Amino acid sequence: MDSFELGRLTDHDFEEVCRDLFTELLGVPLEIFPRGRDRGIDLRHAPEGGPCTIVQCKHWYRSGRAKLLAHLTDVEVRKVAALKPDRYVLATTVELTVDAKEKLRTTFAPHIRSTEDIHGVDDIVAALRERPQLVERHFRLWLSGTAALGALLHKGPLLRSDWLRRELAKVAQTFVPHEGFERARRLLDEQHVCIVTGIPGAGKTTVARMLAAWRMGHGWEVHEISQDVDEVTELWRDGVPQLFLYDDFLGQTTLLPQFGKNEDVRLLSVMRAIRDAPDKALVMTTRHYLLEEARRKHDRLASDDVRDALTGIRLTDLDLLTRGRILYNHVHRSALRPLQKRQFAARDAWLPVVSHRNFSPRLIEETLRIDLKREPDVATAMVANLDNPRRIWERIVENELTEEAVQLLEIVFTYGSVGLVELEETWTWYRRESEREADGRRFRHALQVLDGTMLVIDEGVVSFHNPSIADYIRFHLNAGRGQLGALLASCGDMQQVVRLVDAGRLADGGGIITQLM
């Protein structure tokens, strides 16, 4: 029987779940109130001239029963006495004993009618088990279920990539479902194939990963495609529900290095096979402008097969409420100190962020991940990064990293992704061409500094943590901040040269072409 780890929900998540749950349990519609203005009211039913019911939600799973009881007795009982509701219902993520419930009933009498109006975590989980449709309406609640969570955290064999398994679990902690996600999920259900497009940072990769998590939680295998679409046919198993995740299937900055000979034909063939298979699904992502470029170069990608599978993640999908929840979730799960987190409760701190024209979930995440120890005012740093998205990487790359680490990033840019052995060999040649010292100790130190922040190492393959870093390194090289001649001389693979040339052909890549000539 499924259970739920309610501790994985934020306070707001828990209140929304309780609103829907207690609307059913009590048989009355409940209002929900913003934090900080509730006067002790989280949920309320107060018809004009009728009896008033208040539901209080206490998400105190980390604090424990003793602290919760002390708080309720010392603080909340006075608030309830002042409000004088006809009925007071308590819901908490803390485990409550029979004695604890009886004590609370006595303390809050006459507003708590009986211990049936006191719901500890076990009572709430039991009620949720009986309401699977309610659970599925709350995506983050569903993700906290033992079936979904077990798939994300423990069923490594269902995933080709350990790193992807960790990423799915991490992204699930902060993900906020929105219209773009629901649109993609409907399309995947109907077509079995979904191509998610969008501008950098809009959240298309997050949507793709959550589609994968959704299917995993329902017993599907998830396979990450890392090279080309031929991997799908190699991994295909008849009679086994499988989802194939092909992130950035047209590459991150240019088409040619990623799209191999006749791959357009093979891609369409795989898409058609999956569309006809009830137990197969394919999710792909790409940047919108790369897809348009691919359509011009490959007529087959302008076909109905591609058009019918296409959906986009637009900034308009992220309304102010969704943006606020994204910010709240990231701050809630961040390593900020409690005092720093409370700063975001102030309207002057959060409103400039969620209303910013350049609002990006990626920049929110990166600011909290990178700037925690460097910025005394994280909210101000967040707005500055939204004003100038290049700022977050520029300061780190140009001012804080060693030359060895920067050159390592430049080499990864020429590859896209590369094995550790090949990376070290190329880095050594680059250092020698630059007339710099090169040894294994320096290489390992540079890699250690970058691993987990700007680079990802997965099964011996090194790649950028996210595409925005590749975008910045392209700007860095275009501005003449690297040693492009030495970098070119160190290239041992023609595809590295092709990547550099194609980067120079982009609208903002003239500086690269000039240096290569």
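Derivation of every value follows stated rules applied to the coordinates shown; laboratory data play no part. Nothing here was measured: the structure is a model prediction, and the numbers come from that model. Here the Cβ is made from the backbone with ideal geometry for all residues, glycine too, and neighbour counts use every protein chain on show.
Which whole-Hz ³J(HN,Hα) couplings does the stretch 88-94 yield from phi under the Karplus relation 6.51 cos²θ - 1.76 cosθ + 1.60, θ = phi - 60°, glycine and proline marked x?
Taking θ as phi minus 60°, the curve returns 10, 10, 10, 10, 9, 8, 9 Hz for the stretch 88-94.
Does the stretch 6-138 come out rounded, prolate or oblate, given a ≥ b ≥ c as the square roots of the eigenvalues of its C-alpha gyration tensor, rounded meaning a/c under 1.5 and, failing that, prolate meaning a/b above b/c?
rounded
Based on a Kirkwood Rh over C-alpha pairs, give the Stokes-Einstein translational diffusion coefficient of the stretch 396-516 at 25 °C and viscosity 0.890 mPa s in µm²/s.
The diffusion coefficient I find is 173 µm²/s.
Mind checking the full-extension length gain between T453 and L321? Use 0.36 nm per residue of separation minus the Cα-Cα distance, one decimal, nm.
Separation in residues times 0.36 nm, less the Cα-Cα distance, equals 44.6 nm.
Using 0.36 nm per residue of separation minus the Cα-Cα distance, give me the extension gain between R357 and Q173 in nm, one decimal.
Net length gain for the segment: 63.7 nm.
Please compute the contact order of the chain in relative form: average sequence separation of alpha-carbon pairs under 8 Å and at least six residues apart, divided by the residue count, as a percent.
The value is 11 percent.
Which distance in nm do the two modelled labels at R131 and R444 give, with both placed 7 Å along the Cα-to-Cβ direction?
Output for this residue pair reads 5.6 nm.
If you fit an axis through the alpha-carbon atoms of helix 361-370 and take the longest principal axis of the Cα set of the chain, what angle between them do you get, 0 to 90°, nearest 10?
The helix 361-370 is inclined about 90 degrees to the chain.
Give the calculated FRET efficiency between A489 and E422 to the nearest 0.05, with a Förster radius of 22 Å applied to their Cβ-Cβ distance.
Efficiency at R0 = 22 Å is approximately 0.85.
Enter the Cα centre distance for the pair the stretch 12-87 and the stretch 162-236, rounded to the nearest angstrom.
When both Cα centres are located, 36 Å separates them.
May I ask you to list the trypsin sites (Lys or Arg not before Pro) in the stretch 1-100 that are in a DSSP loop and have at most 11 other Cβ atoms within 10 Å of their Cβ?
When the trypsin sites (Lys or Arg not before Pro) of the stretch 1-100 are filtered for loop state and at most 11 Cβ neighbours within 10 Å, R35, R37, R39, R62 remain.
How tilted is helix 467-478 with respect to the longest principal axis of the chain? Cα atoms for both, answer in degrees (0 to 90, nearest 10).
Result, in degrees: 40.
Could you state the number of Å between the C-alpha centres of the stretch 452-494 and the stretch 93-110?
59 Å
Counting other C-beta atoms within 10 Å, and keeping those with at most 15, which DSSP coil GluC sites (Glu not before Pro) do you find in the stretch 423-505?
E435, E437, E459
Enumerate the amide H contacts of E224 below 5 Å, restricted to partners 5 or more residues apart or on another chain; note that Pro and chain-start residues carry no placed amide H.
Residues meeting the amide H criterion: R160, S161, L245.
Would you work out the charge dipole size for the chain about its Cα centre, treating the Cβ of every Lys and Arg as +1 and the Cβ of every Asp and Glu as -1, and quote it to the nearest 20 debye? Walk me through the numbers on the way to the answer.
Details: 71 positive and 78 negative charges, 312 e Å.
Its charge dipole is roughly 1500 debye.
Please give the contour-minus-distance gain from L26 to D189: 0.36 nm per residue of separation, less the Cα-Cα distance, rounded to one decimal in nm.
55.3 nm
Considering only the other residues whose Cβ falls under 13 Å of the Cβ of A405, what net charge follows from Lys and Arg at +1 and Asp and Glu at -1?
Cβ neighbours under 13 Å give a net charge of -2.
Roughly how tilted is helix 320-333, in degrees to the nearest 10 and between 0 and 90, from the longest Cα axis of the chain?
90 degrees
Of all DSSP beta bridges in the stretch 6-138, what percent run antiparallel (nearest 5)?
40 percent
Specify whether the C-alpha gyration tensor of the stretch 284-415 places it in the rounded, prolate or oblate class, a ≥ b ≥ c being the square roots of the eigenvalues: rounded for a/c under 1.5, otherwise prolate if a/b is larger than b/c and oblate if not.
Verdict is oblate for the stretch 284-415.
Taking every DSSP beta bridge that has both residues in the chain, what percent is antiparallel when rounded to the nearest 5?
Beta bridges within the chain, antiparallel portion: roughly 30 percent.
Quick one: which of 186-197, 293-304 comes out on top by average Cβ neighbours within 10 Å, and what's the full order, highest first?
186-197, 293-304
Which aspartates and glutamates, on any chain, are close to K79 with Cα under 17 Å apart, when same-chain ones fewer than 8 places away are left out?
D38, D42
Among [x] 27; [y] 30; [z] 39, find the value of percent of Cα pairs over 37 Å apart that was calculated from the structure presented, and write down its label.
So the structure-derived entry is [z].
Taking a ≥ b ≥ c as the square roots of the eigenvalues of the Cα gyration tensor of the stretch 333-387, is the shape rounded (a/c under 1.5), prolate (a/b larger than b/c) or oblate?
Since a/c reaches 1.5 but b/c is at least a/b, the shape of the stretch 333-387 is classed as oblate.
Taking H as built 1.01 Å from N, whose amide H comes closer than 5 Å to the amide H of Y61, not counting residues under 5 places away?
Residues meeting the criterion, in which the H sits 1.01 Å from N, are T93.
About the Cα centre, and with charges only on the beta carbon of Lys, Arg (+1) and Asp, Glu (-1), how big is the dipole of the stretch 334-482? Nearest 20 debye, please.
I would put it at about 720 debye.
What value, in deg cm²/dmol to 500, does the helix sum -39500 (n - 2.57) over DSSP H runs of n ≥ 4 give at 222 nm once divided by the residues of the chain?
Per the formula, -15000 deg cm²/dmol.
Holding the Cα-Cα limit at 23 Å, pick out from K170/K280; K84/K341; K170/K341 the pairs that are longer than that.
Pairs exceeding 23 Å: K170/K280; K84/K341.
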